[in-house]
Amino acid sequence: MTTAPAEAAKGALARYEAVIGIEIHCQLKTASKMFCGCSTDIDGAAPNSHTCPVCLGLPGTLPTINKSAVEWVIAAGFAIEAQTPPATRWDRKNYFYPDIPKGYQISQYQLPLAANGRLTFDTSAGPVTVRIRRAHLEEDTGRLIHQEMAGRRASLIDFNRSGMPLMEIVTEPDIRTAEQARRYAEELRLLMRTIGASDAEMENGQMRVEANVSIRPIGREAFGTRVEVKNMNSMKAVERAIGFEIERQAELIDGGDKVRMETRGWDEPSQSTYHMRPKEEENDYRYFPEPDLPPLMTTPEWLAEIATRIPELPSVRRARYTGEFGLSSYDANVLVNDASATALFEGALAVGAGVSPKLLANWVTGEYLRLAKGDAGGGSVDPVELAALARLVADGAISGTNAKEVLAEHYASAAPVASIVEARGFRQISDSGALGKAINDALAANPAAVADYRAGKAAAVGFLVGQVMKATRGQANAAMVQTALRERLEAAE
Ligand SMILES: [Zn+2]
């Protein structure tokens, strides 16, 4: 294939409609594992150092439910407008891989903690709403490591991840393009971070996105054969892998072949999907109710208490920024999609420095995010200092160009804005007496420019402004200089 997958998908989408459902697993932010007391702080820990008889699946052990994991799923359910039933249940999902020590996983099948939700997000073609079938709680598996040992291929297993709490969120097959799939996953990630349920970093497996992709001729009702795509380790990979898969399936059908039901993996180096294994059917898992755990009851009081902990959600925040503050929807998106930008904007607004929200938003979406995402990332901006800086610019006390330098220095050193302005001599000369002398000098020293201006060359004033700025080492208020020069030049005619 010579065209890029994303563009190629547009080709296939002229003839076929893609039908995409997304399953997302999120590691929940709890202190201990799902059914035992082992710590979830396993980053960089020695293999198998965070295990106990329960999460090793030893015979005779009994699980106990982690309450805060349950509450995170209920909170996520509220955030996706889902319903939580008065009673939910645990089920055993039976399958045999070496990374699952019990030979089954405790999950939820028939009565998930949240059902019938939805999520609305923006795309380049406008807003899209996707129905969410369910969000349920389950336990994570261990991790297999394949490596050479003493000249032989060996498979090692680390059970530190075994029993970590996972939330699985499953959409209806409502997604139609690779871009919609990426945007859905991005919005869900933002939602999880906003409510605090998960850090949802794809790169380290805290959030895992899988897609079921099929295509059908445009106008046909029946679904095509679906293929599951795994191993997409970034948002970009989600869009590319699905785009590639749509095109691959279209080529197969156009060539008279059939799409096989299978699980495929995304291979980043070759930017293509490859066969991993035949896809299991749901009945292969032989679900049955977990005999070691009673059903879980949810009271209205408990649900109401969880609801009070949910902060302002991204969709509500965007609407407030565009409605109340008059920000463009682009600016509102940029602010809301980055947690540090949201916090800085809200913090600077709260200072009440008399600077308009629009001006503060410009500083955050422009200079702040440029610094935070650039090579010098890792610093920070104090909201109080940002408000002070925006105030200085609004008052004409320092120039916009100098203010950018001040912010960069504050970002790197955390020094107060006022002392940086002082130390660098950035305070503008706005005093008309001091400016008047510099203007007089410039007029006297440049009779040719004065004559040009009076002969109708209006641009000559720019040269004179430059001379005054030079003489004041850039500290003159350029707008004031320009106005004063014009007045002087015209008054003397
Ligand atoms: Zn354990």
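The values are calculated or read from the model by the stated rules, or taken from the named source; none is laboratory data. For clarity, every value in this text was computed on a predicted model and none was experimentally measured. Backbone-built Cβ (ideal geometry, glycine too); neighbour counts: all protein chains shown.
Here's the yes/no breakdown for (1) at negative phi; (2) among the β-branched types (Val, Ile, Thr); (3) assigned by TED's automatic domain parsing to the domain that holds VAL334; (4) in contact with an Asp or Glu (Cβ under 8 Å, 6 or more places away or on another chain):
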position	(1), (2), (3), (4)
GLU346	yes, no, yes, no
LEU349	yes, no, yes, no
SER380	yes, no, yes, no
LEU386	yes, no, yes, no
GLY396	no, no, yes, no
GLY400	yes, no, yes, no
GLU409	yes, no, yes, no
SER413	yes, no, yes, no
VAL417	yes, yes, yes, yes
Test of understanding: among ASN231, ASN283, which residue is polar (S, T, N, Q) and closer than 30 Å to LEU58 by Cβ?
ASN283
Checked against (1) away from the ligand (no atom under 16 Å from the Cβ); (2) touching a Cys at 6+ places or on another chain (Cβ under 9 Å), ARG133 satisfies every condition except (2)
Taking LYS93, is it more than 16 Å from the ligand (Cβ to nearest atom), touching a Ser or Thr at 6+ places or on another chain (Cβ under 7 Å), farther than 19 Å from GLY117 by Cβ and part of a loop (DSSP other than H, G, I, E, B)?
no
Just one of (1) under 31 Å from the mean Cα position of the chain (by Cα); (2) under 30 Å from LEU113 (Cβ atoms); (3) not β-branched (Val, Ile, Thr) trips up GLU247, so point out which.
(2)
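Condition check ((1) of a type in the set (A, V, I, L, M, F, W, C); (2) within 16 Å of the ligand (Cβ to nearest atom)) across all residues:
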{"site": "PRO53", "(1), (2)": "no, yes"}
{"site": "ILE65", "(1), (2)": "yes, yes"}
{"site": "VAL73", "(1), (2)": "yes, no"}
{"site": "GLN83", "(1), (2)": "no, no"}
Here are some conditions: (1) farther than 30 Å from GLU245 by Cα; (2) in contact (Cβ under 8 Å) with a residue 24 or more places away in the chain; (3) of a type in the set (Asp, Glu). GLU172 meets all but one. Which one does it not meet?
(1)
Scan region 22-36 and give yes if some residue there is among the aromatic types (Phe, Trp, Tyr) and within 13 Å of the ligand (Cβ to nearest atom), otherwise no.
yes
Looking at (1) within 16 Å of the ligand (Cβ to nearest atom); (2) touching a Leu at 6+ places or on another chain (Cβ under 8 Å), which is the one condition that is false for LEU191?
(1)
Considering only residues that are loosely packed, with under 15 Cβ neighbours inside 10 Å and over 21 Å from ALA479 (Cβ atoms), which ones fall in region 385-415?
ALA412, SER413, ALA414, ALA415
Options ARG89, ARG189, ARG134; residue that is buried (at least 18 other Cβ atoms within 10 Å of the Cβ) and farther than 20 Å from SER315 by Cα
ARG134
Kindly establish whether GLY57 is touching a Pro at 6+ places or on another chain (Cβ under 6 Å) and either away from the ligand (no atom under 16 Å from the Cβ) or farther than 23 Å from ARG176 by Cα (or both).
yes
How many residues does region 461-493 contain that are in contact (Cβ under 8 Å) with a residue 12 or more places away in the chain, outside any helix (DSSP H, G or I) and on the phi < 0 side of the Ramachandran plot?
5
Among the residues of region 169-189, are any hydrophobic (A, V, I, L, M, F, W, C) and in contact with a Ser or Thr (Cβ under 7 Å, 6 or more places away or on another chain)?
no
Identify all residues within region 278-336 that are surrounded by fewer than 16 Cβ atoms within 10 Å (Cβ to Cβ) and charged (D, E, K, R); write none if there are none.
GLU280, GLU281, GLU282, ASP284, ARG286, ASP292, GLU301, GLU305, ARG309, GLU312, ARG320, GLU324
Some residue of region 4-16 being modelled with pLDDT of 95 or more, among the acidic types (Asp, Glu) and not in a loop (DSSP other than H, G, I, E, B)
no
Out of (1) modelled with pLDDT of 95 or more; (2) over 23 Å from the mean Cα position of the chain (by Cα), the one LEU359 does not meet is (1)
If you go through ARG161, ARG118, the only one that is basic (Lys, Arg), in the same structural domain as GLU187 (by TED's automatic domain parsing), away from the ligand (no atom under 16 Å from the Cβ) and modelled with pLDDT of 95 or more is ARG118
Does SER198 satisfy the criteria of being in a strand (DSSP E or B), crowded, with 17+ Cβ neighbours inside 10 Å and of a type in the set (Gly, Ala, Ser)?
no
With respect to the numbered conditions (1) surrounded by 12 or more Cβ atoms within 10 Å (Cβ to Cβ); (2) β-branched (Val, Ile, Thr); (3) assigned by TED's automatic domain parsing to the domain that holds VAL336, which one is the sole condition not fulfilled by VAL259?
(3)
Can you tell which of THR30, THR51, THR64 is part of a loop (DSSP other than H, G, I, E, B) and free of Cβ contacts under 8 Å to residues at least 40 places away in the same chain?
THR64
